[in-house]
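S.K.: Below is one structure. I have some questions about it.
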Amino acid sequence: MDLPFTYQVTPGQVIPSRYDNHTLRRLSSLRGQFLDQQAYAAMLAAGDSLLYEVYEIKRPEVYGELLMGVTVLHPGRVGKEFFMTKGHFHAVLHTAEVYYILQGRGAMVMETPEGETAVEELAPGKVLYVPPRWAHRSVNTGDADLSFFFVYPADAGHDYATIETRGFRKLVVAGESGVEVIDNPRWQPAQDRV
């Protein structure tokens, strides 16, 4: 039988005091996701930049358990598009996720298979609830790390392939008047995802 446990996550020291897995996501892991493919190719040729890191507290991936951890999304851009996470639906589509923003500034881009979209601003102290059926991707729009705590059902799984194939309907870019949300001209309709 498992016992309760604690760990520390605080602003200024966002890496959990304990974690079981540390995942590094580099520019190469987001191949095809950025709008400006020429800027992407040039940046990748100069080096495979670290975009974000995930510190996970592992639990059994079964109904009733929760997976949790901290993501640290570094600042930067590919062309006009800000650094972002891969983004995903949950493999069990009817599962939700909660985020608590520890530091930095950003946005969460979300959409449903039916075409609803939402973009929420992320700032320290904000809690974001991502309902079931919503794909989600975090974007760092600031000049410092965007760090957040996450928790979701352990049996939810991740469907990255749908987003890798078609992208998100909305993009977050640096525009003339600051951060802008635009339609993604490369977006492809979903295949049998409803």
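S.K.: Return yes or no: is Thr117 within 21 Å of Phe34 (Cα to Cα) and not charged (D, E, K, R)? Even if it seems obvious, please write down each step before you answer.
M.R.: On the way: within 21 Å of Phe34 (Cα to Cα): yes; not charged (D, E, K, R): yes.
So Thr117 fits the description; yes.
S.K.: Filter region 69-94 down to residues that are small (Gly, Ala, Ser) and either part of a loop (DSSP other than H, G, I, E, B) or closer than 19 Å to Val119 by Cβ (or both) and give me whichever is nearest to the chain's Cα centre (by Cα). Break it down stepwise before answering.
M.R.: Keep residues of region 69-94 that are small (Gly, Ala, Ser), which gives 69, 76, 79, 87, 91.
Next, only the ones that are either part of a loop (DSSP other than H, G, I, E, B) or closer than 19 Å to Val119 by Cβ (or both) stay: 76, 79, 87, 91.
Values: Gly76: 15, Gly79: 19, Gly87: 5, Ala91: 15 Å.
Of everything passing the filter in region 69-94, Gly87 is nearest to the chain's Cα centre (by Cα).
S.K.: Kindly indicate which of Ala39, Ala118, Ala46 is free of Cβ contacts under 8 Å to residues at least 40 places away in the same chain, more than 25 Å from Pro131 (Cα to Cα) and not β-branched (Val, Ile, Thr). Lay out the reasoning, then the answer.
M.R.: Working: Ala39 fails: free of Cβ contacts under 8 Å to residues at least 40 places away in the same chain; Ala118 fails: more than 25 Å from Pro131 (Cα to Cα).
From the options Ala39, Ala118, Ala46, the qualifying one is Ala46.
S.K.: Go through (1) over 13 Å from the mean Cα position of the chain (by Cα); (2) among the hydrophobic types (A, V, I, L, M, F, W, C); (3) at pLDDT 95 or above one by one and return the number of the condition Ile15 breaks.
M.R.: (3)
S.K.: Can you go through Leu35, Leu24 and tell me which one is surrounded by 15 or more Cβ atoms within 10 Å (Cβ to Cβ), of a type outside the set (Phe, Trp, Tyr) and in contact with a strand residue (DSSP E or B) (Cβ under 9 Å, 6 or more places away or on another chain)?
M.R.: On the way: Leu24 fails: surrounded by 15 or more Cβ atoms within 10 Å (Cβ to Cβ).
Matching residue, one of Leu35, Leu24: Leu35.
S.K.: Sticking with this structure for a sec: Within region 44-67, which residues are over 19 Å from Tyr19 (Cα atoms), touching a strand residue (DSSP E or B) at 6+ places or on another chain (Cβ under 6 Å) and either surrounded by 14 or more Cβ atoms within 10 Å (Cβ to Cβ) or not acidic (Asp, Glu) (or both)?
M.R.: Passing the criteria: Leu50, Leu51.
S.K.: Okay, moving on. So which of Val78, Val98 ends up being surrounded by fewer than 18 Cβ atoms within 10 Å (Cβ to Cβ) and either modelled with pLDDT of 95 or more or small (Gly, Ala, Ser) (or both)? Talk me through it step by step, then tell me what you get.
M.R.: On the way: Val78 fails: surrounded by fewer than 18 Cβ atoms within 10 Å (Cβ to Cβ).
Only one candidate qualifies: Val98.
S.K.: If you don't mind, another one. When region 170-194 is examined, which residues are found to be hydroxyl-bearing (Ser, Thr, Tyr) and either surrounded by 13 or more Cβ atoms within 10 Å (Cβ to Cβ) or modelled with pLDDT under 90 (or both)?
M.R.: Keep residues of region 170-194 that are hydroxyl-bearing (Ser, Thr, Tyr), which gives 177.
Hits for region 170-194: nothing passes.
S.K.: To continue, here is another question. Among Ala174, Ala154, which is the only one that is more than 25 Å from Leu27 (Cβ to Cβ) and out of contact with any Cys (no Cβ under 8 Å at 6 or more places or on another chain)?
M.R.: On the way: Ala174 fails: more than 25 Å from Leu27 (Cβ to Cβ).
Only one candidate passes the filter, namely Ala154.
S.K.: Then there is this: Could you tell me how many of the residues in region 146-169 are crowded, with 18+ Cβ neighbours inside 10 Å and closer than 18 Å to Leu128 by Cα?
M.R.: Of the residues in region 146-169, 8 are crowded, with 18+ Cβ neighbours inside 10 Å and closer than 18 Å to Leu128 by Cα.
S.K.: Go through Ala161, Ala144, Ala135 for me and flag whichever is closer than 25 Å to Ala39 by Cβ and in contact with a Ser or Thr (Cβ under 8 Å, 6 or more places away or on another chain).
M.R.: On the way: Ala161 fails: in contact with a Ser or Thr (Cβ under 8 Å, 6 or more places away or on another chain); Ala144 fails: in contact with a Ser or Thr (Cβ under 8 Å, 6 or more places away or on another chain).
Testing whether each residue is closer than 25 Å to Ala39 by Cβ and in contact with a Ser or Thr (Cβ under 8 Å, 6 or more places away or on another chain) leaves just Ala135.
S.K.: I'm told Pro60 meets every condition in (1) of a type outside the set (D, E, K, R); (2) at pLDDT 95 or above; (3) out of contact with any helix residue (DSSP H, G or I) (no Cβ under 9 Å at 6 or more places or on another chain); (4) on the phi < 0 side of the Ramachandran plot except one. Can you identify the failing condition by its number?
M.R.: Tallying (1) of a type outside the set (D, E, K, R); (2) at pLDDT 95 or above; (3) out of contact with any helix residue (DSSP H, G or I) (no Cβ under 9 Å at 6 or more places or on another chain); (4) on the phi < 0 side of the Ramachandran plot, Pro60 fails exactly one: (2).
S.K.: Is it fair to say Val109 is buried (at least 19 other Cβ atoms within 10 Å of the Cβ) and touching a Lys or Arg at 6+ places or on another chain (Cβ under 8 Å)? Quick ask: steps written out before the conclusion?
M.R.: Working: buried (at least 19 other Cβ atoms within 10 Å of the Cβ): yes; touching a Lys or Arg at 6+ places or on another chain (Cβ under 8 Å): yes.
So Val109 passes the test.
S.K.: Let me ask another. Can you pull out every residue in region 28-53 that is within 19 Å of the chain's Cα centre (by Cα), in a loop (DSSP other than H, G, I, E, B) and not polar (S, T, N, Q)? Even if it seems obvious, please write down each step before you answer.
M.R.: Keep residues of region 28-53 that are within 19 Å of the chain's Cα centre (by Cα), which gives 28-35, 40, 48-53.
Those left that are additionally in a loop (DSSP other than H, G, I, E, B): 31-35, 48-49.
Selection gives Arg31, Gly32, Phe34, Leu35, Asp48.
The values are calculated or read from the model by the stated rules, or taken from the named source; none is laboratory data. The shown structure was predicted, so the numbers you read here are calculated from the model rather than taken from an experiment. Note that each Cβ is placed from the backbone with ideal geometry, even for glycine, and that neighbours are counted across all protein chains shown.
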